[in-house]
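Notes to accompany the following structure.
The values are calculated or read from the model by the stated rules, or taken from the named source; none is laboratory data. Computed from a predicted model, the values in this text were never measured in an experiment. Cβ: placed from backbone, ideal geometry, glycine included. Neighbour counts: every protein chain shown.
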Amino acid sequence: MIYLDYAATTPVDERVLAKMMPYFRESFGNPSSIHRYGQKAEVAVDRAREEVASVLGCRPEEIIFTSGGSEADNLALRGAMMARKDSTKWILTAKTEHPAVSKTAIQLDKVYGFLLEWLDVDQFGMVTVESLAKAVCNDTTMASIMYANNEIGTINPIPDLAETAKANPILLHTDAVQAAAYLDVDVGKLGVDLMSLGGHKFYGPKGVGALYVRKGTDLIPHLTGGSQEFNLRAGTHNVPYIVGFAGALKLAAEEREARTAQVKPLRDHVIGAVLETIPDSKLTGHPEKRLPNHASFVFKDVDGNLLLQLLDSAGFACSSGSACKTGNPEPSEVIKALGYSDDWALGSLRITLGVGTTPEQIDSFLRNLPSLIDKARNLNA
Ligand SMILES: Cc1ncc(COP(=O)(O)O)c(C=O)c1O
């Protein structure tokens, strides 16, 4: 089986796992306890927070550990909007966002009484400065614009968008869950107020993430209880996972160039070969400003879910943008936002590479794909 779905999740790096292991049994204390068991666990969480802060170029107390990227997104959006519920009204985001952002924004509008405006995206799924500037008004509270897109790999111009946000001024949140594996996540350079991360996209464990909260940015906690995480996120710390998250993020930053150098030429080969050998195929997302491990396509008159099953049977684990709802396949919101008609949008395919990807695996994939697409087209006809 060849794994080409690193945007869905990654295996935990062995070095990360080794760092986590002592905190399951030997040093199992609760960081909130006064005794030495607790102190040892507290030191581990403090050290992890410092490691994360050093990668992000921020202060340790600006890092809030969460249960993952989704929770970080929820805390950012609901926390920031609820903290400002008496003053301003509007939240801006795009239909290309991960549901952890878009569905939270919809809930803020439908249930909590805020107002949501969708930002325009261009043909590559990018939110431009013009699109943000056009939508901002005096009553805007925040914008949430992802750093890099999970389905189509497009990288948004976050530092430029942050300039626009600052000029108005509104809060800017970015979901950097996909970006952190390959892009610089220095919050000073990005200029954001809030940024979400998730461990399992960069060879850390699943079920742990973090939210960067710029000092002085008020949030209402959405998980109330104990005073952990500066009163912003109650619950006993998941010490081994927090240690793993920090270790994996540090390695991602240290090895960013090497990891990029490994996957980018292979990714370019995939894109070139697919567009050349498969009729009626198009790249989705930006041709250059995209994650270096990410290739995504639409194929005309192909059922994307069927194609994934055929690929799986042939030994390739890939992903698509469409969610099949019992006999009623629907293109994803992201692909729809790019303006494709259903005969294209239903045939999406995402190939994402990672540390285990070899040129041989890519050759094998490229050898098999054309006939599998033909088969999917014939079955569709
Ligand atoms: C862009 C983006 N945001 C948020 C998430 C959710 O992260 P998690 O799985 O850690 O909750 C994902 C995961 O697929 C993602 O790709």
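Here's the yes/no breakdown for (1) free of Cβ contacts under 8 Å to residues at least 24 places away in the same chain; (2) surrounded by fewer than 22 Cβ atoms within 10 Å (Cβ to Cβ):
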residue	(1), (2)
N238	no, yes
Y241	no, no
A246	no, no
L249	no, no
E257	yes, yes
P265	yes, yes
A273	no, yes
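Report, by residue number, each residue of segment 320-365 that is modelled with pLDDT under 95, in a strand (DSSP E or B) and among the small types (G, A, S).
Within segment 320-365, just A323 meets the criteria.
Please specify each residue of segment 176-232 satisfying the condition of being within 19 Å of R78 (Cβ to Cβ), aliphatic (A, V, I, L, M) and more than 16 Å from the ligand (Cβ to nearest atom).
Result: V213, L219, I220, L232.
Name the residues in segment 109-122 that are part of a loop (DSSP other than H, G, I, E, B) and touching an Asp or Glu at 6+ places or on another chain (Cβ under 9 Å), would you?
The answer is D120, and nothing else.
Out of everything in segment 137-161 that is in a loop (DSSP other than H, G, I, E, B) and out of contact with any strand residue (DSSP E or B) (no Cβ under 7 Å at 6 or more places or on another chain), what residue ends up being farthest from E288 (Cα to Cα)?
N138
Of S341, S332, which residue is over 21 Å from A273 (Cα atoms), crowded, with 20+ Cβ neighbours inside 10 Å and assigned by TED's automatic domain parsing to the domain that holds K282?
S332
Hey, which of the helices (runs of 4 or more DSSP H) in segment 1-108, taking only ones fully inside, have at least 2 residues that are in contact with a helix residue (DSSP H, G or I) (Cβ under 9 Å, 6 or more places away or on another chain) and within 15 Å of the ligand (Cβ to nearest atom)?
69-83
Looking at S196, S144, S131, which one is in contact (Cβ under 8 Å) with a residue 60 or more places away in the chain and either under 20 Å from L338 (Cα atoms) or surrounded by fewer than 22 Cβ atoms within 10 Å (Cβ to Cβ) (or both)?
From the options S196, S144, S131, the qualifying one is S144.
State whether one or more residues within segment 38-51 are within 21 Å of L183 (Cβ to Cβ), assigned by TED's automatic domain parsing to the domain that holds G188, buried (at least 17 other Cβ atoms within 10 Å of the Cβ) and of a type in the set (D, E).
yes
Consider only pairs whose beta carbons are under 7 Å apart and that are at least six residues apart or on different chains; among these, list those whose first residue lies in segment 279-304 and is buried (at least 24 other Cβ atoms within 10 Å of the Cβ) and whose second residue is aromatic (F, W, Y).
T284/F297; G285/F124; L291/Y182; N293/Y6; N293/Y182; V298/Y340; V298/W344
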